Amino acid sequence: MTLLGVEDLTMHYSTRGGVVRAVDGVSFSLEKGKVLGLAGESGSGKSSIALTLLRLLPSNAKIIHGNMLLDGEDILAIPEPEFRREIRWRRISLISQAAMNSLNPVFRVGDQIKEAITVHSSLPDAQATMAVKRLLGEVGISQDRYSAFPHELSGGMKQRSIIAMALALDPPLVVADEPTTALDVIVQAQILLLLKSIQRKMHMAMIIITHDLSLVAEMCDDVAIIYGGQIVEYARASKIFHNPKHPYTIGLIRAIPSIEGEKRRLISISGEPPDLIKPPPACRFAPRCQYATQKCNTEDPVLEEVEPGHYSMCWYARDIHL
Amino acid sequence: MTEPRATTHDEVIMEIQDVKTHFNARLGFIQTLMGKRVLIRAVDGVSCDIRRKEIFGLAGESGCGKTTLGRTMLMLEEPTSGSIFYRGKEISALHASQLREIRPKIQIVFQDPYESINPRMTVFEIVAEGVHINSKALDVSSDEKVASMVEKALRLVQLVPPDQFTTRYPHELSGGQRQRVAIARALVMEPEFIVADEPVSMLDVSIRAEVLNVMTTLRDELDLSFLFITHDLALAKHITDRLAIMYLGKFVEVGKSEEVIDEPLHPYTQALIAAIPVPDPDGRKVSVLATGEVPSAVSVPTGCRFHPRCGYAKEICETTEPDLRNVGGDHFVACHFYEEATADFKAKFRKSS
């Protein structure tokens, strides 16, 4: 059953340098209880998609068009006070990037988690405190850390508190924006296993936003590869990794080192990500693409189904392979 | 043989013997008045050598001391004890003025190309700066000579044609190009040894290889040696020749990179490898083999530093620090029970492959 349907979402930032076309015609859907990865490099627009979903955009951002249907209801059309009361945190919550900066240093961790509950629900204080203690247990923090300040917690424990906060109201959808980026690898694995077990236990849908394709392979059912503000490829995770159908995805897979397998020379993608103030005229990847032809510079490719359930935004998707 | 040393036919460029670098932690005013002192044991007894034409990897989690060790090797930090040799000459015993003559030969490339190069200088000025500062040691006096050295360095990092880059400012360059300017700035001195401290961790994956391939080409064609500091073991496997795993100021395992990654012997190395996700949805999944997080270098555990997090720790591990010992070939490990740990690790992870 479809939980979230995003249709033709387009969002621009106005800056002094011009209009940044950060999200450009993005569509995807997410089933209940599934995990979707949005993978892309810096500046690809992946975090902007996350912020749009939670309607946490800065004031210079403008949603040009598109729908976001949560259980069939367009949540972009809901007025902000109602969105804050009914949707944000109750039905969609956020596990933010860089746990180090998302906790307020002068408040106790338990109270910060409790605030997420009391602001978005009518639970009485005593019950909210109980709920926080239960949540701390769920994420592997001992209850006596309720009154610890953020600086008294390690990086992993801070990220666990952020996760507890996101789970506080038992939302059906959690957006995790680079949930482990600042963490060391063993702590990252601890957090990934925690997220996985909670996601399964609560049958929660999750969108993981990351630059790390290995993390996508570890965690996600479906993957959308984001480039230049667009989804350029979308498929089941195993299809993306074993049979990619977009030149950018192929380039990424050749560029990432694997801890397994033979030692090899890594291959980079030549050139630079596009400037989203003045993006390339047609296909945004064309200037870096080894398969590009004249057509790629004049005609916009569309995200097309090349195999059942496998979409690619490339004129030559059927002719290229890893 | 108790230390990871070169065999006689290898040419050793850098050698360190039992190097320790400790810092006094900065405390509050009152605590200082009360005479309180806290020692951070960032590097706590490390020996190794780096051979000609070798990329020696140094990996570990944040706070393990890898950056401090890199800086100490170049005498950018004064070692608390121990000796550092460059081509057999003990540079840790030299005066500042004598050290200045060696400096051009031992260079460093920093992590963040957005921070490490001056935004108000042109590429030419950035790359030439070190030559001007070291003009005596490099015996360079004419401007033409400086210009030709800069041009050569830019060619080596594949910023070609050089005259298209010399007048540009950093903000006109991409991240990968900036980092290559930072490498050129080191190369212009014609060094033999470069410490590369997380040189690609700020760059997007699609452009990392352009910087890494510059490094491997320099190794192959100019016979340069590198200390490659990284937290990314997958990257280390593909780039480095030998690899040392560092934990709380000490090496726990050293060996040929593929051996250390494919046949890890130390429980800590095993925990690191098991925790790294594989870019294959049908491949193995991550597991957690070590509990908790890295303790601070202020309160280093007794005995084996890893014992509070280790699944194989027994009484001896709490009391006796294991030596780094040779277990065949170039492979060294510091663990009392590595055989037991390795057997388990193999059974768990290598059966399927």
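For the segment A:178-186, counting C-beta atoms of other chains within 10 Å of every residue's C-beta and taking the mean gives 5. Summary value for chain A: 20 percent relative contact order, contacts being C-alpha pairs under 8 angstrom separated by 6+ residues. The alpha-carbon atoms of segment A:45-136 define a convex hull whose volume equals 137 cubic angstrom per residue. With viscosity 1.567 mPa s and temperature 4 °C, the Kirkwood radius over alpha carbon pairs of chain A converts through Stokes-Einstein to a diffusion coefficient of 62 µm²/s. Taken residue by residue and averaged, Cβ atoms of other chains lying within 10 Å of the Cβ of A:209-219 number 4.
State the Cα centre-to-centre distance between segment B:156-210 and segment B:255-326 in whole Å. What the calculation gives is 34 Å, centre to centre. On a per residue basis, the convex hull of the C-alpha atoms belonging to segment B:12-349 measures out at 164 Å³.
Quick one: Cα centre-to-centre distance for segment A:239-291 and segment B:46-125, in angstrom? If we compute the Cα centre of each part, the gap is 34 Å.
Each Lys or Arg adds one and each Asp or Glu takes one away; over the other residues whose Cβ falls under 13 Å from the Cβ of A:Ala61, this sums to +3.
For the protein assembly as shown, would you read off the P(r) tail past 46 Å as a percentage of all alpha carbon pairs? That fraction is 23 percent. Based on C-alpha pairs under 8 angstrom that are at least 6 apart in sequence, segment B:12-349 has a relative contact order of 20 percent.
Other protein chain C-beta atoms within 10 Å of residue C-beta, averaged over B:202-215: 6.
Under a 5 Å amide H cut-off, with hydrogens placed 1.01 Å from N, B:Ile194 pairs with B:Gln107, B:Ser225, B:Phe226, B:Leu227 among residues at least 5 apart or on other chains. Estimated at 0.36 nm per residue, the fully extended path between A:Asn297 and A:Ala148 surpasses their Cα-Cα distance by 48.0 nm.
Throughout, read-outs are computed from the coordinates displayed, never taken from laboratory work. On a predicted model such as this, the values are computed, not experimentally measured, just so you know. Note that each Cβ is placed from the backbone with ideal geometry, even for glycine, and that neighbours are counted across all protein chains shown.
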